[in-house]
Amino acid sequence: MLASLNARAALLSLVIFFGFLLAWHIGVQGTKAVADMDPEYARLMGVTATQGKSAMPGPLDVGAQIWKHLNEPFYDRGPNDKGIGIQLAYSLGRVLLGYFLAVMLALPLGFLIGMSPLMSRAFDPFIQVMKPISPLAWMPLALYTIKDSNISAIFVIFICSVWPMLINTAFGVSAVRKEWLNVARTLEVPPLRKAFTIILPAAAPTIVTGMRISIGIAWLVIVAAEMLVGGTGIGYFVWNEWNNLSITNVIVAILVIGLMGMILDQTLAAVGRKLTYPE
Amino acid sequence: MTNKFISVEGIARRYPKPGGGKTTIFEDLWFSMNKGEFSCIIGHSGCGKTTVLNNLAGLELPEDGVAVVDGQAIEGPSLDRAVIFQSHALLPWRSVLGNVAYAVSSRWRDWSREQVNAHAMKFIEKVGLKGSEHKKPAELSGGMKQRVGIARALSIEPKILLMDEPFSALDALTRGALQEEVRRILLETGQTAFMITHDVDEAIFLADRIVLMTNGPEAMIAEIVENPLPRDRRRIDIHKSADYYPVRNHLMDFLVSRSKTFKDEIPAGYDKRHPPVVRPCAEPPSTPGETRRKVA
Ligand SMILES: Nc1ncnc2c1ncn2[C@@H]1O[C@H](COP(=O)(O)OP(=O)(O)OP(=O)(O)O)[C@@H](O)[C@H]1O
Ligand SMILES: [Mg+2]
């Protein structure tokens, strides 16, 4: 009763977690061994048939696999057998590079669009058409023109993360309160200083919200993109393990993707909290 | 052209009406101020006082006419004319000190950070906010925010101070103290001040001249009231002056009735370009019965 809300919520989370594990564990348990089966036939069929064991790995199998990956995240035994850490690093590298390029374009361009009603109207039709295009639709075009699967994946990340940042930056910049701009005007603040000392801090929360949406989309897209182009990356890992019929590894990869996505999102959320100002 | 320090010459402001056409807030507005003088403008809410002030600040340019300072038409804002905004207009991501320092460093671009902060602190102390300098605006009361706005405007030591109801959100005690402080600073530095207020006593204590603006739309300058009180007046005993009630009654009378009716009964000889200057004072022994003596 005296425990804080946080403590109670954490407790409930744990209960849900272990409840889920238990249900999972029970769900994949087999019925007892089938007694009257020809032992030769049983050997051929494997445990799935003989003990009614599900083909779906249980939480213990997955746990064991995670432990294995944790012990050796960065091994490299040829193109189809790399540690999950290496694959994750490949994906992260592509996402961060494509995302960084998108930031470099979206912030200045968003500033320009936000500050000039003319630019805003001129760019609007293009943004409206480009924004709803699924980033993967660019993939063939990228592969054809760039002729490099790795750079194409980076391009796809770039193109999907640029829109939310561009739109939010333009909106944040155009919505800066007139009275703050008037303060800068009465103080004869030169344009560049005004951009960095008034407009940027005023628009920062909106801009970071856009950046947060973008990184989320980028992380969603990289998995699909890597499934398409293959070679390396966590998306390719998932696809490869599916071809190996290693469902355990697929589940581990899903968990890793979720955790990494959360870390990226929470990092930007923390940045956003730092830059938000109460009015 | 007049030879006044600040002169407002035939300015106009109109806004488009929702249904088409235009609403004239005011047009052909004329008045002027002398250097080192403190002018207040009073008038009902919405008559266009802030608009006039924005024209003087250079934040808005008049549609017709011109506002002139020191022989130069105002073409935009200037560090020589500091503005205390009606809405505070503090930067919420900066602390109290940060807000004032921002103004100081804009005024003196080559100052070091220590110089800037020391100068800013001097004015934060003057408005009684020492100890709160690291607070963000969101942590301040409305009155404290107003005081930051006052400190920010004073800190850049402008030639002209334009104030939009700077004391309206303050309690009586703080307001009195700040009025005295601002008046002392202005008298010391010889700065010219233009202030919007709704408080008649505040106008009588602070102003040398009080501009009376009639109700909008199509507001006019009804007249300029010269303050008959001695220049070395003290706030706590202005009401002891024989001239206090005549001038106060004159202003109240304007706000209560004449601001509405002025347009319909424009006095004979009224000239928009030279609004009548009056000096309401106690009945001088020589001319009994005359409380409003025209001086110009
Ligand atoms: N953007 C706008 N569009 C239309 N009308 C406007 C606009 N801005 C101001 N007005 C009108 O102009 C008039 C003058 O406004 P202003 O802010 O100068 O009044 P004010 O005398 O300062 O009032 P207050 O004492 O309440 O501050 C008001 O009647 C207002 O409705
Ligand atoms: Mg106003």
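Are any residues in the stretch A:204-233 of a type in the set (D, E, K, R) and more than 18 Å from A:ASP81 (Cα to Cα), and if so, which ones?
A:ARG212 - this is the single residue of the stretch A:204-233 that is of a type in the set (D, E, K, R) and more than 18 Å from A:ASP81 (Cα to Cα).
Tell me which residues, restricted to the stretch A:245-256, are in a helix (DSSP H, G or I), open to solvent by 30 Å² or more (accessible area, probe 1.4 Å) and without any contact (Cβ under 8 Å) to a residue 40 or more places away in the chain.
Scanning the stretch A:245-256 gives a single hit, A:ILE254.
Please work out if B:ARG233 is surrounded by 22 or more Cβ atoms within 10 Å (Cβ to Cβ), away from ligand 1 (no atom under 16 Å from the Cβ) and not in a strand (DSSP E or B).
no
Looking at the stretch A:229-244, I want the residues that are farther than 15 Å from A:ILE157 by Cα and without any contact (Cβ under 8 Å) to a residue 24 or more places away in the chain and have a partner that is open to solvent by less than 40 Å² (accessible area, probe 1.4 Å) and not in a helix (DSSP H, G or I) with Cβ atoms under 9 Å, at least 6 apart or on another chain. Which pairs are those?
Close Cβ pairs (under 9 Å, with a partner that is open to solvent by less than 40 Å² (accessible area, probe 1.4 Å) and not in a helix (DSSP H, G or I)) amount to A:TRP239/A:GLY230.
Here is a list: B:PRO217, B:PRO137, B:PRO158. Which entry is touching a Ser or Thr at 6+ places or on another chain (Cβ under 9 Å) and within 16 Å of ligand 2 (Cβ to nearest atom)?
Details: B:PRO137 fails: within 16 Å of ligand 2 (Cβ to nearest atom); B:PRO158 fails: within 16 Å of ligand 2 (Cβ to nearest atom).
Going through B:PRO217, B:PRO137, B:PRO158 in turn, the sole match is B:PRO217.
Which is buried (at least 17 other Cβ atoms within 10 Å of the Cβ) and either among the hydroxyl-bearing types (Ser, Thr, Tyr) or farther than 25 Å from A:LEU97 by Cβ (or both), of A:VAL156, A:VAL162, A:VAL129, A:VAL173?
A:VAL173
From B:ILE150, B:ILE156, which residue is within 12 Å of chain A (Cβ to nearest Cβ), open to solvent by less than 20 Å² (accessible area, probe 1.4 Å) and either closer than 15 Å to A:VAL183 by Cβ or under 17 Å from the mean Cα position of the chain (by Cα) (or both)?
B:ILE156
Among the candidates B:GLY48, B:GLY76, which residue alone is closer than 30 Å to B:TRP108 by Cβ and out of contact with any Ser or Thr (no Cβ under 6 Å at 6 or more places or on another chain)? First the steps, then the outcome.
On the way: B:GLY48 fails: closer than 30 Å to B:TRP108 by Cβ.
Answer to the selection: B:GLY76.
Looking at (1) of a type in the set (Val, Ile, Thr); (2) more than 21 Å from the chain's Cα centre (by Cα); (3) outside the structural domain of A:GLY258 (by TED's automatic domain parsing), which is the only condition A:ILE66 fails?
Tallying (1) of a type in the set (Val, Ile, Thr); (2) more than 21 Å from the chain's Cα centre (by Cα); (3) outside the structural domain of A:GLY258 (by TED's automatic domain parsing), A:ILE66 fails exactly one: (2).
Residue under question is B:ALA169, and the condition is that it be buried (at least 22 other Cβ atoms within 10 Å of the Cβ) and either under 27 Å from B:VAL69 (Cβ atoms) or within 16 Å of ligand 2 (Cβ to nearest atom) (or both); does it hold?
Answer is no for this residue.
Given (1) buried (at least 22 other Cβ atoms within 10 Å of the Cβ); (2) on the phi > 0 side of the Ramachandran plot, where does B:ASN99 come up short, assuming only one miss?
Checking B:ASN99 against (1) buried (at least 22 other Cβ atoms within 10 Å of the Cβ); (2) on the phi > 0 side of the Ramachandran plot, the one that fails is (2).
Out of the residues in the stretch B:1-51 that are part of a loop (DSSP other than H, G, I, E, B) and basic (Lys, Arg), state the one that is most open to solvent (accessible area, probe 1.4 Å).
Out of the qualifying residues, it is B:LYS35.
On the given criteria, is B:LEU129 part of a loop (DSSP other than H, G, I, E, B), under 19 Å from B:THR174 (Cβ atoms), within 14 Å of chain A (Cβ to nearest Cβ) and not hydroxyl-bearing (Ser, Thr, Tyr)? Walk me through it before giving the result.
Numbers: part of a loop (DSSP other than H, G, I, E, B): yes; under 19 Å from B:THR174 (Cβ atoms): yes; within 14 Å of chain A (Cβ to nearest Cβ): no; not hydroxyl-bearing (Ser, Thr, Tyr): yes.
Answer is no for this residue.
Tell me yes or no: at least one residue of the stretch B:87-96 is polar (S, T, N, Q), within 16 Å of ligand 2 (Cβ to nearest atom) and either in the same structural domain as B:LYS136 (by TED's automatic domain parsing) or more than 28 Å from B:ASP271 (Cβ to Cβ) (or both).
For the stretch B:87-96, residues polar (S, T, N, Q), within 16 Å of ligand 2 (Cβ to nearest atom) and either in the same structural domain as B:LYS136 (by TED's automatic domain parsing) or more than 28 Å from B:ASP271 (Cβ to Cβ) (or both): present.
Kindly provide the set of residues from the stretch B:76-126 that are in contact (Cβ under 8 Å) with a residue 40 or more places away in the chain, among the aromatic types (Phe, Trp, Tyr) and either farther than 19 Å from B:PRO166 by Cβ or away from chain A (no Cβ under 14 Å) (or both), ordered by number.
B:TRP93 - this is the single residue of the stretch B:76-126 that is in contact (Cβ under 8 Å) with a residue 40 or more places away in the chain, among the aromatic types (Phe, Trp, Tyr) and either farther than 19 Å from B:PRO166 by Cβ or away from chain A (no Cβ under 14 Å) (or both).
Given the options B:ALA67, B:ALA101, name the one that is more than 16 Å from ligand 2 (Cβ to nearest atom) and part of a strand (DSSP E or B).
Every option except B:ALA67 fails the conditions.
May I ask you to list the residues in the stretch A:168-183 that are at the interface with another protein chain (Cβ under 10 Å from one of its Cβ atoms), part of a helix (DSSP H, G or I) and under 39 Å from the mean Cα position of the chain (by Cα)? Quick ask: steps written out before the conclusion?
Let us first name the residues in the stretch A:168-183 that are at the interface with another protein chain (Cβ under 10 Å from one of its Cβ atoms), namely A:177-183.
Among the residues that remain, those that are also part of a helix (DSSP H, G or I) are: A:178-183.
Listed by number, the residues that qualify are A:LYS178, A:GLU179, A:TRP180, A:LEU181.
The values are calculated or read from the model by the stated rules, or taken from the named source; none is laboratory data. Everything numeric in this text was worked out from a predicted model, so none of it was measured. Cβ coordinates were reconstructed from backbone atoms using ideal geometry, including for glycine residues, and neighbour counts include every protein chain displayed. Just so you know, the surface numbers come from the protein's heavy atoms only, side chains and all, with ligands and any DNA or RNA stripped out. Shrake-Rupley method; radii C 1.70, N 1.55, O 1.52, S 1.80 Å.
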